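Enquirer: Starting off with a structure, shown below.
The values are calculated or read from the model by the stated rules, or taken from the named source; none is laboratory data. Not measured: the values here are computed from a predicted model. Note: ideal-geometry Cβ built from the backbone for every residue, glycine included; neighbour counts use all protein chains shown. Each accessible area value is taken on the protein alone, full model and side chains, heavy atoms only, with ligands, DNA and RNA left out. Shrake-Rupley method; radii C 1.70, N 1.55, O 1.52, S 1.80 Å.
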Amino acid sequence: MTPNPALDAGEDPRVAAFEARIAAGESIEPKDWMPERYRKQLIRMMSQHAHSEVVGMLPEGNWITRAPSLRRKMSLIAKVQDEGGHGLYIYCGTETLGVDRQELVEQLLNGTAKYSSIFNYPTLSWADMGVIGWLVDGAAIVNQTILAKTSYGPYARAMIRICKEENFHKRQGYEIVATLAKGTPAQKAMVQDAVNRWWWPSLMMFGPSDTDSPNSGELLRWKVKRKTNDELRQRFVNLTIPQVQAVGLTVPDPDLRYDAATENWLFGPIDWAEFNEVIRGNGPCNKERLAARREAHEAGQWVREAATAYAAKHERRSTEAA
Amino acid sequence: MTQKPGAPSASLASPAAARSAPAANPLFEYVVRLGDDRLVLGHRLAEWCGHGPILEEDIALANIALDLTGQAAALLALAGEIEGAGRDEDALAYFRDETQFRNALITELPKGDFGFTIVRQFFFDAYSYLLWEALAGAKHAKLAALAAKSLKEDTYHLRHSGEWVRKLGDGTAESHARAQAAVDALWRFTAELFESDAVDLAVAKDGIAVDHGALAERWRAIVEPVLREATLTVPAAPGAAATGGRRGRHTEHLGHLLAEMQIVARSHPGAAW
C-alpha cells in the first residue's frame, strides 16, 4: 500500500493508525477518529445511495395504479415501500457521520447531490416493472454485496439488511419477466422492448470505467469500495446473460460473446457520452424526477410545520402539567 | 323493476332500499361491497407513493394501501367463491365497469391534499375498525377469519390516522384550516357508510348481522372526541347525504380511477401476469 501524501491530512499520526486498522480488516465505527476525506467520501456515497432509493420510488410508483393483477399491485407497493425504508435507513446511517437528513435532502432538491442515473429513464410499460426488479435491482445487489464488506460499520450493516430485500425484489422482477416472456406475443414483445431499453443503462449503473473513475483509488485503499467498477460490471454481465437466455430474450449488443479463456461474457462499448449527459442532468427524466421530489417537499411543508408545532405544544403542555 | 314478494319494505330500511333491486345473491353483493371499499381506497392511498410530505409518511401510507389491497384481494376472492361463476379477485377487480362497483363514494374521491387524505382515512378507519369488530363474530367462518385478521391491521390504521388528525387540527393555523376544510367536505359522505338496505337485511338472516345504527353511534363516539381534541369543529348533520355507491351510482371520479387501474389488464384479455 502506498499512501498518497496529498490526500492525508499532513503528518497526523492518527492517519497511519487509521490506515493500519483498515489494512487489518477492522471496521470503522461512528465514534472512531477518521480522516476528513474518508468522512466526506462516505457522506457522498451514502447520501447518493439514500437519494437513489427515494428517487427510485418514482419510476416504479408510476405503475402501481396500473398493475395488471392484485398480486402484482401488492408486490409493487411493497417494493416501493421497501425502497422508502432503505432510504430512511441509509439517511440514518449517514447521520452517524455528523450530517443531518434535512441538509442531505436539501442537497438533493437543489441539484448538488447526485443519485443513481438509472432513475432518470422513463418507465414505459408494465414489463419495466419486471426488468427493473431483475436488472436494476440485480445490478444494485452486485454492488451492494461488495459494499456489505465496506470498512465503515454502519454502512456495511445497512447493506447486509438491504441486500436481503433486494434479492427478494430481484426474484420478483425476474418472475414477472419470465411470465411475460412465456405469455402472449404482445407480452413477449413488451418485455423484449423493456430489456432493450434498460440493458445499457443497467451496465452504466456501475459507474465510469476504472480508467476514468475519479474517486476509485482512494475509496479502494480505504476499503470503502472493495472492487472496481469494471470488475463489478463484468460480474453482473456474467451473472445475467444466462438468465437472459433462460427466458428466451436477447440483449441489444451485437458484440456480445463468450470468452472461454477468461470465462467472461465480453460486451460491446458503453456509450459514455450518454452516461455523462444523464449525469449532467440531461437524461430523459432528470428534470421530472427532481421536480416531483421538489413538489412533494414543497406541498408537504405545511404538514411538517404542523407536526413540529404540535410536538412543541404538547411538550410545553406536558412540562406545564408536571 | 318490481320488488320480489317478501323483500323488506322500504319502511324497514333506509330510503335507498326502496330504490334498489333485490340482489340475486345478497352474500356475494355484501362481500363485494367490503372488497370494493378497500380496493378503491387502497388505490387512492397508493397514489401517494413517492409523493408524501415526509419519507416516513410515504412508507406509512404505502403500508396501509398494501393492507387495504390485501384485504380487498381476499374479500373479492371470497366473493368469487360465493358467486361460483368462475370469477376470481382479478376478474372482479379488473373486468367490472363503474356501475358494477359497490364501494362507498367516500373511498373514490380524489386524494386531495395530505389533510384530505388523512381525514378521509380517519373516517373510514374508524368505520372499518368497528365493522371488522362486529364481523369477527359473523356466522360465516371465512368472513369471520378475514375480519379478525383485518381488525388487527385496522387498529394500527386508526391509530395512525387519528394521530395525524390531532397533529393537523392542533398544529398550525394553516394545517387547522386545511383539516377543517377536509372534515367539512367529507362529512356528507359519511352517512352512506351506515346505510342498511335489502342486502344487509338478507345477510343478517344468515348470521352476518351488523347493526348499522349502533355502528354509527359508536363511530361518532370515536370520531367526535378526536376532532374536538384536534380543536376541529364537528359539523352539523349534513343537509343532503351523498350516497349511491352501494347501488353502483358513483361520483364522476370512479370512472377515471378504474380507467387507469384496468388499462393494462383489459388491453390483454386472458393474459397471465
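Enquirer: Find the residue count for segment A:52-61, including only residues that are part of a loop (DSSP other than H, G, I, E, B) and within 7 Å of chain B (Cβ to nearest Cβ).
Expert: Filtering segment A:52-61 for residues part of a loop (DSSP other than H, G, I, E, B) gives A:56.
Okay, now just the ones that are also within 7 Å of chain B (Cβ to nearest Cβ), so none.
Here the count works out to 0.
Enquirer: Quick one: count up the residues across segment A:11-31 that are part of a loop (DSSP other than H, G, I, E, B), surrounded by 14 or more Cβ atoms within 10 Å (Cβ to Cβ) and among the charged types (D, E, K, R).
Expert: 1
Enquirer: Moving on to the next point. List the pairs whose first member sits in segment A:268-292 and is under 26 Å from A:Asp255 (Cα atoms), whose second member is part of a helix (DSSP H, G or I) and of a type in the set (D, E, K, R), and whose Cβ atoms are under 7 Å apart, counting only residues at least 6 apart or on separate chains?
Expert: A:Gly283/A:Glu277
Enquirer: Restricting to segment A:190-223, what's the tally of residues that are of a type in the set (Ser, Thr, Tyr) and touching a residue at least 40 places away in the same chain (Cβ under 8 Å)? Even if it seems obvious, please write down each step before you answer.
Expert: Here is the first cut: in segment A:190-223, the ones of a type in the set (Ser, Thr, Tyr) are A:202, A:209, A:211, A:213, A:216.
After this cut, where a residue has to be touching a residue at least 40 places away in the same chain (Cβ under 8 Å) as well, the list is A:202, A:209.
Residues in segment A:190-223 being of a type in the set (Ser, Thr, Tyr) and touching a residue at least 40 places away in the same chain (Cβ under 8 Å): 2 in total.
Enquirer: What residue, among those in segment B:57-76 that are open to solvent by 20 Å² or more (accessible area, probe 1.4 Å) and more than 9 Å from every other protein chain (Cβ to nearest Cβ), is farthest from B:Asp125 (Cα to Cα)? Let's see the steps before the verdict.
Expert: If we filter segment B:57-76 for residues that are open to solvent by 20 Å² or more (accessible area, probe 1.4 Å), which is where we start, we get B:59, B:63, B:66-67, B:70, B:74.
Among the residues that remain, those that are also more than 9 Å from every other protein chain (Cβ to nearest Cβ) are: B:67, B:74.
Working: B:Asp67: 12, B:Ala74: 18 Å.
Among those that are open to solvent by 20 Å² or more (accessible area, probe 1.4 Å) and more than 9 Å from every other protein chain (Cβ to nearest Cβ), it is B:Ala74.
Enquirer: Here are some residues: A:Arg257, A:Arg316, A:Arg226. Which one is touching a Lys or Arg at 6+ places or on another chain (Cβ under 7 Å) and either loosely packed, with under 14 Cβ neighbours inside 10 Å or touching a residue at least 12 places away in the same chain (Cβ under 8 Å) (or both)?
Expert: Only one candidate passes the filter, namely A:Arg226.
Enquirer: Could you pull out the residue among A:Asp193, A:Asp253 that is farther than 30 Å from A:Pro30 by Cα and assigned to a loop (DSSP other than H, G, I, E, B)?
Expert: From the options A:Asp193, A:Asp253, the qualifying one is A:Asp253.
Enquirer: Also: Any residue in segment B:108-123 that is at pLDDT 95 or above, of a type in the set (D, E, K, R) and crowded, with 24+ Cβ neighbours inside 10 Å? Let's see the steps before the verdict.
Expert: In the first step, residues of segment B:108-123 are kept if they are at pLDDT 95 or above; the result is B:108-123.
Now restrict to residues that are of a type in the set (D, E, K, R): B:108, B:111, B:113, B:120.
Now restrict to residues that are crowded, with 24+ Cβ neighbours inside 10 Å: B:108, B:120.
Checked segment B:108-123: at least one residue is at pLDDT 95 or above, of a type in the set (D, E, K, R) and crowded, with 24+ Cβ neighbours inside 10 Å.
Enquirer: Suppose the filter is at the interface with chain A (Cβ under 10 Å from one of its Cβ atoms), under 25 Å from A:Gly300 (Cβ atoms) and either touching a helix residue (DSSP H, G or I) at 6+ places or on another chain (Cβ under 9 Å) or without any contact (Cβ under 8 Å) to a residue 24 or more places away in the chain (or both); does B:Asp88 pass it? Walk me through how you get there before you give the answer.
Expert: Numbers: at the interface with chain A (Cβ under 10 Å from one of its Cβ atoms): yes; under 25 Å from A:Gly300 (Cβ atoms): no; either touching a helix residue (DSSP H, G or I) at 6+ places or on another chain (Cβ under 9 Å) or without any contact (Cβ under 8 Å) to a residue 24 or more places away in the chain (or both): yes.
No; evaluated as a whole, the condition is false for this residue.
Enquirer: Within segment A:32-51, work out how many residues are crowded, with 24+ Cβ neighbours inside 10 Å and polar (S, T, N, Q).
Expert: Looking only at that region, the number is 1.
Enquirer: Moving on. For A:Ala273, only one of the following conditions fails: (1) surrounded by 13 or more Cβ atoms within 10 Å (Cβ to Cβ); (2) under 23 Å from the mean Cα position of the chain (by Cα); (3) at pLDDT 95 or above. What is its number?
Expert: Exception for A:Ala273: condition (1).
Enquirer: Hey, can you tell me all the residues within segment B:147-171 that are buried (at least 19 other Cβ atoms within 10 Å of the Cβ) and of a type in the set (Ser, Thr, Tyr)?
Expert: Across segment B:147-171, the qualifying residues are B:Ser150, B:Ser161.
Enquirer: A follow-up question, please. Does A:Ile43 qualify as being closer than 14 Å to A:Val224 by Cβ, in a helix (DSSP H, G or I) and at pLDDT below 95?
Expert: On the way: closer than 14 Å to A:Val224 by Cβ: yes; in a helix (DSSP H, G or I): yes; at pLDDT below 95: no.
Taking the combined requirement at face value, the residue does not satisfy it.
Enquirer: Among the residues of segment B:35-56, what is the count of those that are open to solvent by less than 10 Å² (accessible area, probe 1.4 Å) and in a helix (DSSP H, G or I)?
Expert: The total comes to 11.
Enquirer: Does any residue in segment A:69-89 that is touching a residue at least 40 places away in the same chain (Cβ under 8 Å) come within less than 8 Å, Cβ to Cβ, of a residue that is open to solvent by 10 Å² or more (accessible area, probe 1.4 Å) and not in a helix (DSSP H, G or I) six or more places away or on a different chain, and which pairs are these?
Expert: What qualifies is A:Arg72/B:Trp273; A:Leu76/A:Trp63.
Enquirer: Residues B:Ala144, B:Ala216, B:Ala177, B:Ala204: which one is open to solvent by 20 Å² or more (accessible area, probe 1.4 Å) and either more than 26 Å from A:Val303 (Cα to Cα) or modelled with pLDDT under 95 (or both)?
Expert: Details: B:Ala144 fails: open to solvent by 20 Å² or more (accessible area, probe 1.4 Å); B:Ala216 fails: open to solvent by 20 Å² or more (accessible area, probe 1.4 Å); B:Ala177 fails: either more than 26 Å from A:Val303 (Cα to Cα) or modelled with pLDDT under 95 (or both).
From the options B:Ala144, B:Ala216, B:Ala177, B:Ala204, the qualifying one is B:Ala204.
To keep it simple, each residue is scored yes or no on (1) within 12 Å of another protein chain (Cβ to nearest Cβ); (2) open to solvent by less than 20 Å² (accessible area, probe 1.4 Å).
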{"position": "A:Trp63", "(1), (2)": "yes, yes"}
{"position": "A:Leu70", "(1), (2)": "yes, yes"}
{"position": "A:Gly93", "(1), (2)": "no, yes"}
{"position": "A:Gly98", "(1), (2)": "no, no"}
{"position": "A:Asn120", "(1), (2)": "no, yes"}
{"position": "A:Leu135", "(1), (2)": "no, yes"}
{"position": "A:Arg157", "(1), (2)": "no, no"}
{"position": "A:Ile160", "(1), (2)": "no, no"}
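Enquirer: While we're looking at this one, here's another question. Quick check on segment A:74-89. Is at least one of its residues open to solvent by less than 40 Å² (accessible area, probe 1.4 Å), of a type in the set (Phe, Trp, Tyr) and either modelled with pLDDT under 95 or within 30 Å of A:Ala291 (Cβ to Cβ) (or both)?
Expert: No.
Enquirer: Specify the residue that is nearest to the other protein chains (Cβ to nearest Cβ); the eligible residues are those in segment A:271-322 that are over 30 Å from B:Arg178 (Cα atoms) and not in a helix (DSSP H, G or I).
Expert: My answer is A:Cys285.
Enquirer: Moving on. Being closer than 22 Å to B:Trp132 by Cα, surrounded by 14 or more Cβ atoms within 10 Å (Cβ to Cβ), away from every other protein chain (no Cβ under 14 Å) and of a type outside the set (A, V, I, L, M, F, W, C), is that true of even one residue in segment B:230-239? Reasoning before the result, please.
Expert: Here is the first cut: in segment B:230-239, the ones closer than 22 Å to B:Trp132 by Cα are none.
Checked segment B:230-239: no residue is closer than 22 Å to B:Trp132 by Cα, surrounded by 14 or more Cβ atoms within 10 Å (Cβ to Cβ), away from every other protein chain (no Cβ under 14 Å) and of a type outside the set (A, V, I, L, M, F, W, C).
Enquirer: If you check B:Gln121 against the conditions, is it more than 14 Å from the chain's Cα centre (by Cα) and of a type outside the set (Lys, Arg)? Steps first, answer last, please.
Expert: Details: more than 14 Å from the chain's Cα centre (by Cα): no; of a type outside the set (Lys, Arg): yes.
So B:Gln121 does not fit the description; no.
Enquirer: Please count how many residues of segment B:244-268 are open to solvent by 50 Å² or more (accessible area, probe 1.4 Å) and in contact (Cβ under 8 Å) with a residue 40 or more places away in the chain.
Expert: Of segment B:244-268, the ones open to solvent by 50 Å² or more (accessible area, probe 1.4 Å) are B:247, B:249, B:252-253, B:256, B:259-260, B:263, B:266-267.
Adding the requirement that they be in contact (Cβ under 8 Å) with a residue 40 or more places away in the chain leaves B:247, B:249, B:253, B:266.
Within segment B:244-268, residues that are open to solvent by 50 Å² or more (accessible area, probe 1.4 Å) and in contact (Cβ under 8 Å) with a residue 40 or more places away in the chain number 4.
Enquirer: Tell me, yes or no, whether segment A:209-217 has at least one residue that is open to solvent by less than 30 Å² (accessible area, probe 1.4 Å), at positive phi and not in a helix (DSSP H, G or I).
Expert: no
Enquirer: Next up: Out of the residues in segment A:180-202 meeting the condition of being within 11 Å of chain B (Cβ to nearest Cβ) and within 16 Å of B:Ser267 (Cβ to Cβ), tell me which one is most open to solvent (accessible area, probe 1.4 Å).
Expert: In this case the residue turns out to be A:Pro185.
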